[in-house]
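Take a look at the structure below.
The values are calculated or read from the model by the stated rules, or taken from the named source; none is laboratory data. Please read all numbers here as calculations on a predicted model, not as lab measurements. Using ideal geometry, Cβ is built from the backbone for each residue, glycine included, and neighbour counts are taken over all protein chains shown. Calculation scope for accessible area: heavy atoms of the full protein, side chains included, ligands and nucleic acids excluded. Shrake-Rupley method; radii C 1.70, N 1.55, O 1.52, S 1.80 Å.
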Amino acid sequence: MKKVARVAFVTGSARGIGKGVALCLAKRGWNLAINYVSSKDAAETTAQECQSHGVESCVIRADVGDTQSHEAVIEEIHSKMGRIDLLVNNAGIGVKQRMDLLDASTESFDQLINTNLRGPYFLTQKMARYFIAQQKKLSEYQPKIIFVTSISAYTSSPMRGEYCVSKAGLSMATKVFADRLAENGIPVYEIRPGVIQTDMTSVVKDKYDALIAGGLTPIKRWGQPEDIGQAVIALAEGLFPFSTGDVFNVDGGFHLHRL
């Protein structure tokens with residue numbers, strides 16, 4: 001019997017961490033729904049790179065922060081790919097301008113919360129309903145959900161407080177969905193990246209080059225999108241069957257308390 005190719009929906013997968021996750025999954029035989037908001041060319045390039053590994057992919061334009069579009073997005077992916085087995089909540093934005101906590105605007109706060117927390121929260125709600133419905137139709141169906149957060153979920157950065165708050169909220173979202181969906185056999189995990197080399201962090205490259213060289217992390221290098229992708233593979237392919245709601249740190253040891 002031919003093995004059915006599983007399908008992963010990775011939000012924000014045109015570039016950065018999301019692209020690294022998508023490519024790692026493609027190398028393992030997963031079909032991909034590549035998501036973008038602004039750069040169709042980048043998304044199509046990622047899709048083509050995934051296809052070079054012998055899998056199928058489709059490109060989905062969707063703003064995760066637009067909660068009214070979530071059901072239509074899920075329906076579009078299902079229509080194009082036939083099924084969805086994995087949701088990786090990766091899409092997120094940083095602050096447009098680093099600003100002292102006492103001067104930060106409500107507009108910036110609302111934008112960060114909407115994209116980084118509110119959007120993934122309700123997308124996961126809709127996807128969970130889809131997964132439960134599909135469990136009644138498909139045999140050997142083992143859907144999973146992964147939230148990609150940040151060390152900013154617990155590390156204070158007063159020049160971008162709204163970002164920290166959004167990631168802390170997303171960390172709790174992992175726990176409440178893991179609790180609720182355990183009875184349905186749907187594990188939910190949090191991957192917590194550290195300093196990862198992407199377009200988003202390129203603007204602070206010199207700062208983090210110096211910090212890493214000075215011992216910010218025990219493993220003295222930048223993290224790469226592929227590092228997150230490898231963690232996703234381990235979770236997506238069921239290597240932690242007795243775990244849910246867990247935090248997987250992929251941060252070069254940043255989380256360690258050291259003297």
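Summary of computed values
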read-out: Candidates THR67, THR149, THR106: whichever shows maximal mean-square fluctuation once the chain is modelled as a Gaussian network with Cα springs under 10 Å; value: THR106
read-out: Candidate residues GLU140, GLU190, GLU76: accessible-area rank, largest first, probe 1.4 Å; value: GLU140, GLU76, GLU190
read-out: Pairwise FRET efficiency - SER156 versus ILE233, Cβ, R0 = 30 Å, nearest 0.05; value: 0.45
read-out: Among SER156, SER139, SER202, residue whose mean-square fluctuation peaks in a GNM of the chain (springs only between Cα atoms under 10 Å); value: SER139
read-out: Theoretical gain in end-to-end length, ARG28 to GLU75 [0.36 nm per residue, Cα-Cα removed]; value: 14.5 nm
read-out: Simple label model, 7 Å out from Cα along Cβ direction - LYS137 to PHE240, nm; value: 3.0 nm
read-out: The stretch 165-259 - accessible surface per residue (Å², probe 1.4 Å); value: 53 Å²
read-out: Accessible carbon and sulfur surface of the chain relative to its total accessible area, %, 1.4 Å; value: 53 percent
read-out: Per DSSP, loop trypsin sites (Lys or Arg not before Pro) in the stretch 158-259 with at most 14 further Cβ within 10 Å; value: LYS220, ARG221, ARG258
read-out: Selection of trypsin sites (Lys or Arg not before Pro), the stretch 52-152, meeting DSSP coil and at most 16 other Cβ within 10 Å; value: LYS96, ARG98, LYS136, LYS137
read-out: Added length on full extension, which subtracts the Cα-Cα distance from 0.36 nm per residue, GLN48 to VAL176; value: 42.5 nm
read-out: Heavy-atom accessible area order for PHE242, PHE254, largest first, 1.4 Å probe; value: PHE242, PHE254
read-out: Nearest-0.05 FRET efficiency for LYS207 and LEU101, computed from C-beta distance (R0 22 Å); value: 0.70
